[in-house]
Amino acid sequence: MILLALLLAAAASAQTREVALTFDDLPSAGDVTPAEAEAINRAIVAELGKHRAPAVGFVNEKAGERIGTARWERILNGWLDAGLELGNHTFAHLDLNDLRPEEFERQVILGEAVFARLLAKRGAKPRYLRFPFNHIGGTEDSRKAAATFLASRGYEIAACTIDTSDYEFSRAYDAALAAKDAAAARIEREYLDYTAVQIAYYDKLNAQVLGRTAPHVMLLHANRLNAAVLARILEIFEARAFRFVALEKAQADPAYAIEVAANKFGPMWGYRWARTMRVKVNGAAEMEPSEWIRRYGRK
Ligand SMILES: [Zn+2]
């Protein structure tokens with residue numbers, strides 16, 4: 001009996017997947033009113049709570065400034081009161097590919113304005129930075145300068161391993177809602193189908209590269225679409241026996257200590273690891289969002 005229980009426990013742990021959730025572009029991506037931005041964050045925080053899912057919200061203080069300090073503080077405190085974390089996504093979401101090191105450093109420091117003050121009140125400090133566009137440095141000089149500066153300021157770089165191109169779907173969704181087009185429901189469905197495909201794709205990619213499973217970090221954005229369908233995204237993970245873990249727990253896995261090279265694009269960490277570890281992977285096998293979605297979002 002004991003042996004059987006041990007075997008079953010071993011089998012379960014071999015199948016258990018872990019994922020840390022991250023939401024970029026707080027207060028909100030897309031063209032939304034301050035009140036909508038607040039509602040989007042409230043919905044995301046509430047849904048995470050229902051599923052007991054830890055998450056980090058990455059903030060753009062310039063966009064926060066624009067919605068007014070009182071509301072911005074309410075949004076940020078909403079995350080912190082729920083036991084969620086906040087991280088730095090730089091002040092104005094500029095592309096590191098276009099910045100000199102001192103300009104990037106300024107963006108990081110300005111990017112702490114309000115959220116670091118709220119953290120300080122709770123005896124905490126900023127500890128994660130997610131690069132805008134996931135651009136970690138297009139040259140080794142730029143990457144190393146940014147990494148050295150961030151480490152000196154107490155930051156850990158937030159990786160990401162699952163991408164759903166949610167900005168493409170979000171753009172289409174916002175356009176459909178603005179036009180009161182019933183296509184919004186179809187966009188939700190396509191987005192969820194694509195999310196399921198991407199989770200499976202990146203899980204396989206990482207297993208191929210690392211030769212084992214490692215905790216995932218999912219890249220999402222604070223936007224209308226994710227606020228509307230987050231329950232169903234979390235259910236996709238739950239149906240596949242994923243456990244929701246804190247970013248700290250995910251990135252404690254040794255995979256996240258593997259050095260990754262400069263890259264002017266923003267690939268997920270599976271591709272970056274593949275390059276460092278000289279594992280051949282076929283990026284062309286990754287499915288793209290449908291042409292319909294891409295076109296709808298641009299019309
Ligand atoms: Zn962003």
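Structure notes:
- Only helices enter this figure: runs of n ≥ 4 DSSP H residues, each worth -39500 (n - 2.57), summed and divided by the residues of the chain, yield -16500 deg cm²/dmol at 222 nm to the nearest 500.
- Computed from label points 7 Å out along Cα-Cβ, the spacing between Ala261 and Thr16 is 3.6 nm.
- For the chain, built as a Gaussian network whose Cα springs stay under 10 Å, the top-fluctuating residue of Met277, Met268, Met218: Met277
- Modelled label reach - Asp193, point 7 Å along Cα→Cβ, segment 211-233 residues with backbone N closer than 20 Å: 225-226, 228-233
- Were the residues from Ala207 through Glu156 laid out at 0.36 nm apart, the gain over their Cα-Cα distance would be 16.0 nm.
- Net +/- balance of residues flanking Ile258 in space, Cβ distance below 15 Å, scoring K and R +1, D and E -1: +2
Laboratory data are not the source of any read-out in this text; all were calculated from the coordinates shown. Please read all numbers here as calculations on a predicted model, not as lab measurements. Cβ atoms come from the backbone with ideal geometry, glycine included; neighbour counts cover every protein chain shown.
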